[in-house]
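Derivation of every value follows stated rules applied to the coordinates shown; laboratory data play no part. Nothing here was measured: the structure is a model prediction, and the numbers come from that model. Here Cβ is always computed from backbone atoms with ideal geometry, including for glycine, and neighbour counts include all displayed protein chains.
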Amino acid sequence: MTHDPLFQPLQLGALKLPNRVLMPPMTRSRAAQPGDVPTALMAEYYAQRASAGLIVSEGTWIAPLGKGYARTPGIHTQAQIDGWRLVTEAVHAAGGRIFAQLWHVGRLSHSSLLGGQAPVSSSAVQAEGVNVFIDNADGTPGFVQASKPRALDEAEIAEIVEQYRQAARNAMAAGFDGVELHAANGYLVNQFLDSGANDRTDRYGGSLENRLRFLDEVTRALVDGTGDAQRVGVRLAPLTTLNGCVDDDPVTTYTAAAKRLGEIGIGYLHIAEADWDDAPDMPLDFKQQLRAVFPGVMVYAGKYTGERARRALEEGWADLIGFGRPFVANPDLPARLRIDAPLAEHERATLFGGDARGLTDYPALATA
Ligand SMILES: Cc1cc2nc3c(=O)[nH]c(=O)nc-3n(C[C@H](O)[C@H](O)[C@H](O)COP(=O)(O)O)c2cc1C
């Protein structure tokens, strides 16, 4: 292909991305214990994938109450910051760029992961039928129903906004090129945005303006914490119903969210169209509407193939395309997409937890 839209460079603030292939955030649950610290093995995994135009790290929680799954990394202790520095240095040495995905799970946690405390959320509404991953007492992994949360009061909300600000500072101190706010997939920010998860009657609930307030405050804190709005991205999931988060008018809610984020001036907006098999069809006019209200870089992820990605870029509603599961088993995914080479399939059993197997042992094409 003489003019391949996937291999055109893209300017994202001060960063020049060599191609339009993004590695989206993927939790792999291999942080060192105790302390949930990123490791040299994780650094090797990310560095193997440095040919992506941009990597977004797996979700990394901003404070102890933001943790929802065993063995996921944090970014609030010095040991965690030092661990992440291994990752960013390895990615940069391999010629790549990496943002940290900042995560607070809110109600999607279990009291055993929180020192016996209840998880927190916009409201005391349990995510029924939703499981989280814990360490059983005997050290084996287990899935359990997320605990019933309690509603945050306004002073606690202000504290969490400060935790995000500090997490952004920590990410920059660890050498990340920027941060992505995880406001998708039913986690804390999403628990404020979606009408079905937010029954507050104060400034943070009820009207659309009020449901947008937490997103607005956190995003501004990240801009302040990184010192550069172009180093902030936000991930939203308008239509998926993952983790029990549903809005009764998602087109209106998420168009307003995109418009607000555009006014704040962030670098990119990342739309998660799918999570596993939950992949509702996102109408083209909705995508065009988001493009119209958001002036920055638009990223889409969810079941993309090279062909679909090229079409999205050519149609003009996307600037960067995330390939999640394909990046698990194809560390050199951009090189494969360039020549339409066959893609390796990932092994499901080694996605979450474990060692190097299923993490760093997928070969590049030349040796596959
Ligand atoms: C193993 C795994 C872990 C994931 N962890 C996260 C995460 O930490 N944060 C997030 O926003 N999305 C996460 N996702 C969703 C992906 O970023 C992506 O949106 C999803 O896999 C759909 O893209 P795909 O069809 O190209 O895989 C995860 C997906 C997988 C497969």
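Annotations
- Cβ-derived FRET efficiency at R0 22 Å, Val246 paired with Phe143, nearest 0.05: 0.50
- Percent of Cα-Cα distances greater than 20 Å, calculated over segment 13-95: 32 percent
- Taking the chain as a Gaussian network of alpha-carbon nodes connected by springs under 10 Å, the highest mean-square fluctuation of the residues Val232, Val132, Val179 belongs to Val132.
- Choice from Ser207, Ser195, Ser51 showing the highest fluctuation, given a GNM over the chain with Cα pairs closer than 10 Å: Ser207
- Computed [θ] at 222 nm, helices only, for the chain once each DSSP H run of length n ≥ 4 contributes -39500 (n - 2.57): -9500 deg cm²/dmol
- Computed over the chain, the P(r) curve from all C-alpha pair distances, binned at 10 Å from the origin, holds 5, 26, 36, 25, 6, 0 percent per bin.
- Remark: the Glu162-Asp216 segment gains 18.1 nm on full extension, using 0.36 nm per residue and subtracting the alpha carbon distance.
- Sparse-neighbourhood loop sites, trypsin sites (Lys or Arg not before Pro) in segment 68-124 - DSSP loop, at most 14 other Cβ within 10 angstrom: none
- Where Rh is the Kirkwood radius over Cα pairs, Rg/Rh for segment 139-270: 0.98
- Residue of Gly205, Gly186, Gly354 that the Gaussian network model of the chain assigns the largest fluctuation, springs spanning Cα pairs under 10 Å: Gly354
- Fully extending the segment from Asp281 to Ala335 would add 16.6 nm, taking 0.36 nm per residue of separation and subtracting the current Cα-Cα distance.
- Estimated inter-spin distance, His3 and Ala40, nm [label 7 Å along Cα→Cβ]: 4.8 nm
- Length added when fully stretched, Ala79-Val130, from 0.36 nm per residue minus Cα-Cα: 15.3 nm
- Value of relative contact order over the chain, rounded to a whole percent, pairs C-alpha under 8 Å and six or more apart: 16 percent
- Residues in segment 346-363 carry Karplus couplings, in order, of 7, 8, 5, 5, 9, 5, 10, x, x, 10, 5, 5, x, 10, 10, 9, 7, x Hz; the curve used is 6.51 cos²θ - 1.76 cosθ + 1.60 with θ = phi - 60°, and Gly or Pro positions show x.
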